[in-house]
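What follows is a short report on a single structure.
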Amino acid sequence: MTKANWRALADAVSPRRQLFLGGTWQDPVAGGSLSVRSPIDGRSLGDVALADEHDVDRAVSLARGAFEDGRWSQLPPSERGATLVRWSQLCAAAGDELAVLVSLEMGKPITQARNVDVPALVKTLRWYGEVADKLVDERPHSARDAVTLITREPAGVVAAVVPWNFPLTIAGWKLAPALAVGCSVVLKLAEQSPFSMLRVAELGAEAGVPDGVLSVLNGLGPVAGRALGAHPDVDVLTFTGSTTVGRLFQCYAAESNLKRTWLELGGKSANVVFPDADLEAAAETAAWSAFYNQGEMCSAGSRLLVHEDVHDEVLRGVVAKAMAMAPGDPLEPVSATGAMVNEEHASNVASQVARARADGIEPVAGGLPCSPVAGGSYFAPTVFDRVNPALPIAQEEVFGPVLSVTTFRDDEEAVRLANGTRYGLAAGVWTNNLSRAHQISRRMRTGVVWVNCFEEGDLTVPFGGTKESGYGSDKSLHALDKFLDVKTTWIQLRS
Ligand code: NAD
């Protein structure tokens with residue numbers, strides 16, 4: 001489609017605005033709402049209803065009721081799976097509409113929303129749908145006169161609280177495995193991306209998710225997010241967002257019912273480039289990994305650690321790619337990057353860049369807001385070179401298009417620098433030496449290591465971090481365990 005086609009669809013689309021409570025559209029008890037503007041050009045997208053504690057309570061009680069009466073939790077897994085597969089087909093059919101909602105609400109380029117985010121959601125629903133009836137339990141040989149069973153039971157009511165940078169993908173990673181194993185789910189969306197998942201929820205009801213099993217609502221983090229985290233009848237809380245808010249969820253759990261709390265948090269991931277690597281590929285990917293999705297990526301390769309001997313060549317490639325990734329109109333299909341999620345976030349990025357300048361470093365590329373579309377929030381891909389690794393710009397997550405480059409002289413220094421932040425989400429290792437690739441990968445204190453690539457993934461493999469990047473990976477068969485309780489049944493045999 002052309003930009004004009006996407007603009008026409010954006011003007012025609014009519015987002016859902018109420019709370020999706022257990023399968024029906026409802027207004028909040030207290031009537032709260034939020035007015036939403038598109039970061040593309042600042043134009044109003046209208047209001048959306050905001051849940052408070054009372055609405056959260058209604059959603060949790062519907063979820064509990066549905067879980068206890070077994071309308072979903074006790075269905076044959078193949079039936080749950082078939083529903084998820086139908087749901088994925090409906091999402092695929094609504095792909096253009098979902099993509100345009102994502103671009104409008106959070107500013108990413110339409111081509112990426114259409115070709116990356118929508119297919120990720122579709123595949124996630126389908127994959128967990130197909131997995132639902134392939135799970136088997138265990139029957140250990142514990143004693144001669146007993147039959148013992150280890151079964152995995154759905155944990156109950158799951159609350160999911162998600163960020164705005166991949167509104168469809170991340171919500172899908174929470175919903176699909178939880179629903180596949182029979183849990184009920186209450187999903188709270190991020191304030192900045194309130195529309196696309198409401199439409200997905202509606203398609204879930206159309207696919208046959210029974211009433212009560214799924215609620216999707218908007219609400220302020222400190223109100224609705226907190227209410228879910230602190231709710232005594234939520235069994236599992238799965239969260240993706242900042243490390244600061246992740247900490248709060250542990251407190252909410254500790255102060256309420258000790259609910260299991262899974263946290264996928266921030267990152268400050270490094271690409272480590274050794275002299276024996278394919279330097280052109282390393283430079284291009286390092287820049288891409290820092291600037292893709294406007295740098296609004298938990299796993300962004302926001303630090304480049306490059307061997308002193310190849311620094312100049314790699315930096316040249318990085319700067320060239322940074323220029324090529326300048327933001328454009330998100331509804332223009334060829335734009336490589338789009339708008340920052342809102343003005344507040346763009347000025348937060350600007351102040352972190354200003355702080356780096358105050359710390360004595362000048363960007364070698366970017367460093368300023370820009371305005372490909374009047375009224376929108378955009379920031380140029382920015383590169384700081386020869387950054388002291390102790391500086392905030394090399395330690396703290398910017399969550400914007402800002403890359404800091406630091407050099408190293410040997411493997412030991414490379415490992416020390418790569419592991420030298422409080423985060424542990426991901427790392428890239430660039431080398432053509434097989435032994436070095438294995439040795440360095442083993443020493444990375446991260447949940448994911450990419451060798452000679454970055455951001456590669458598939459539903460078959462987990463995605464998640466360690467250290468202050470959290471725990472409890474999304475994706476893969478492992479994600480199912482987060483929503484299952486292990487139960488032992490010991491059956492004594494008597495003659
Ligand atoms: P955020 O932590 O500000 O918000 C995330 C969610 O938490 C939102 O739904 C928000 O409403 C809610 N929230 C905010 N304050 C709350 C509170 N006091 N109590 C309860 N809930 C609250 O994060 P964000 O700005 O939406 O997203 C950016 C962050 O998410 C970055 O740190 C990024 O690295 C991280 N992230 C991590 C991953 C991952 O898989 N590890 C993926 C994407 C984003």
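The values are calculated or read from the model by the stated rules, or taken from the named source; none is laboratory data. Since this is a predicted model, take the numbers as computed values, not measurements. In this analysis, Cβ positions are derived from the backbone assuming ideal geometry, glycine residues included, and neighbour counts consider all displayed protein chains. Surface accessibility is based on the protein's heavy atoms, side chains included, excluding ligands, DNA and RNA. Shrake-Rupley method; radii C 1.70, N 1.55, O 1.52, S 1.80 Å.
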Inset, instruction - State whether one or more residues within segment 314-322 are open to solvent by less than 50 Å² (accessible area, probe 1.4 Å), part of a helix (DSSP H, G or I) and within 16 Å of the ligand (Cβ to nearest atom). - result: no
Inset, instruction - May I ask you to verify whether GLY295 is at pLDDT 95 or above and open to solvent by less than 10 Å² (accessible area, probe 1.4 Å)? - result: yes
Legend entry - THR261 among the hydroxyl-bearing types (Ser, Thr, Tyr) and either in contact with a Phe, Trp or Tyr (Cβ under 6 Å, 6 or more places away or on another chain) or away from the ligand (no atom under 16 Å from the Cβ) (or both): yes
Legend entry - GLY266 modelled with pLDDT of 95 or more, in a helix (DSSP H, G or I) and open to solvent by less than 10 Å² (accessible area, probe 1.4 Å): no
Legend entry - Qualifying residue in segment 117-135 (condition: in a loop (DSSP other than H, G, I, E, B) and open to solvent by 20 Å² or more (accessible area, probe 1.4 Å)): yes
Inset, instruction - Confirm whether VAL451 is more than 16 Å from TRP173 (Cβ to Cβ), of a type in the set (Val, Ile, Thr) and open to solvent by less than 50 Å² (accessible area, probe 1.4 Å). - result: no
Inset, instruction - Would you check if VAL213 is within 24 Å of MET297 (Cβ to Cβ) and not assigned by TED's automatic domain parsing to the domain that holds GLU397? - result: no
Inset, instruction - Taking the residues in segment 454-472 that are over 16 Å from LYS268 (Cβ atoms) and not hydrophobic (A, V, I, L, M, F, W, C) as candidates, determine which candidate is most open to solvent (accessible area, probe 1.4 Å). - result: GLU456
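Listed here are the residues, each with its yes/no results for (1) closer than 27 Å to THR337 by Cα; (2) open to solvent by 10 Å² or more (accessible area, probe 1.4 Å).
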position: PRO15; (1), (2): yes, yes
position: ILE40; (1), (2): yes, no
position: ARG71; (1), (2): no, yes
position: GLU79; (1), (2): no, yes
position: GLY95; (1), (2): yes, no
position: ALA113; (1), (2): yes, no
Legend entry - Of residues in segment 480-495 being basic (Lys, Arg) and surrounded by 11 or more Cβ atoms within 10 Å (Cβ to Cβ), the one farthest from ALA176 (Cα to Cα): LYS487
Inset, instruction - Considering each of SER14, SER35 in turn, give the residue that is of a type in the set (Ser, Thr, Tyr) and assigned to a strand (DSSP E or B). - result: SER35
Inset, instruction - Go through the residues of segment 329-343 one by one and say whether even a single one is of a type in the set (Val, Ile, Thr), assigned to a loop (DSSP other than H, G, I, E, B) and either under 14 Å from ASP385 (Cβ atoms) or over 27 Å from the mean Cα position of the chain (by Cα) (or both). - result: no
Legend entry - Positions within segment 357-384 being touching a Gly at 6+ places or on another chain (Cβ under 9 Å) and open to solvent by less than 70 Å² (accessible area, probe 1.4 Å), in sequence order: PRO372, VAL373, GLY375, GLY376, SER377, TYR378, PHE379, ALA380, PRO381, THR382, VAL383, PHE384
Legend entry - Spans of helices (runs of 4 or more DSSP H) in segment 144-253 with at least 3 residues buried (at least 24 other Cβ atoms within 10 Å of the Cβ) and more than 9 Å from the ligand (Cβ to nearest atom): 167-180, 196-207
